[in-house]
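Right, one structure below, let's go through it.
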Amino acid sequence: MITALKILFSILFVSMCYTVISTSMHSNLFEQWNFLATIPWMRATLWDFYANVTVIFLWVCYKENSVFLRIVWLILLVTLGSIGSCAYVLIQLFRLKQNEGLKELFGKQNG
């Protein structure tokens with residue numbers, strides 16, 4: 001199961017990096033921001049994004065004992081979105097020991 005999750009989150013991470021980079025090469029978000037802000041679904045998507053960041057950040061706060069790391073991950077989650085989320089999950093997956101599973105992934109705090 002853990003190996004499958006590593007593969008899944010690696011694919012998601014690479015896919016999101018590709019999507020963001022290729023989109024950025026064709027379209028400047030900052031030039032189109034005023035137009036995008038007028039689209040109701042764009043506003044809904046942003047609210048959805050920040051709600052998800054809040055959920056993931058609460059998990060990060062549980063997992064990380066360091067206030068510094070919590071702040072760093074908050075910045076990364078807000079600025080990188082899914083890329084940051086996938087990176088965090090991948091780090092947690094690769095930190096697991098050979099005999100650990102989902103219980104430790106979600107419940108074990110980092111030392």
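Results, tabulated for the structure shown:
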item: Any pair with Cβ under 7 angstrom, 6 or more apart, that starts in the range 83-108 at a residue that is at pLDDT below 95 and ends at one that is loosely packed, with under 13 Cβ neighbours inside 10 Å and outside any helix (DSSP H, G or I); result: G101/M1; L102/M1
item: Verdict on N110 being surrounded by 13 or more Cβ atoms within 10 Å (Cβ to Cβ), part of a loop (DSSP other than H, G, I, E, B) and over 14 Å from the mean Cα position of the chain (by Cα); result: yes
item: Odd one out for I2, checked against (1) hydrophobic (A, V, I, L, M, F, W, C); (2) at pLDDT 95 or above; (3) closer than 24 Å to G101 by Cα; (4) surrounded by 11 or more Cβ atoms within 10 Å (Cβ to Cβ); result: (2)
item: Those helices (runs of 4 or more DSSP H) lying entirely in the range 1-99 with at least 2 residues within 27 Å of Q109 (Cβ to Cβ); result: 2-26, 40-63, 67-80, 82-95
item: Filter result for L12 (in contact (Cβ under 8 Å) with a residue 60 or more places away in the chain, surrounded by 14 or more Cβ atoms within 10 Å (Cβ to Cβ) and closer than 27 Å to R95 by Cβ); result: yes
item: In the range 74-90, the residues that are aliphatic (A, V, I, L, M) and either more than 17 Å from L8 (Cβ to Cβ) or exposed (fewer than 13 other Cβ atoms within 10 Å of the Cβ) (or both); result: L74, I75, L76, L77, V78, L80
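The values are calculated or read from the model by the stated rules, or taken from the named source; none is laboratory data. This structure is a prediction, so every number in the text was calculated from the model and none was measured. Cβ: placed from backbone, ideal geometry, glycine included. Neighbour counts: every protein chain shown.
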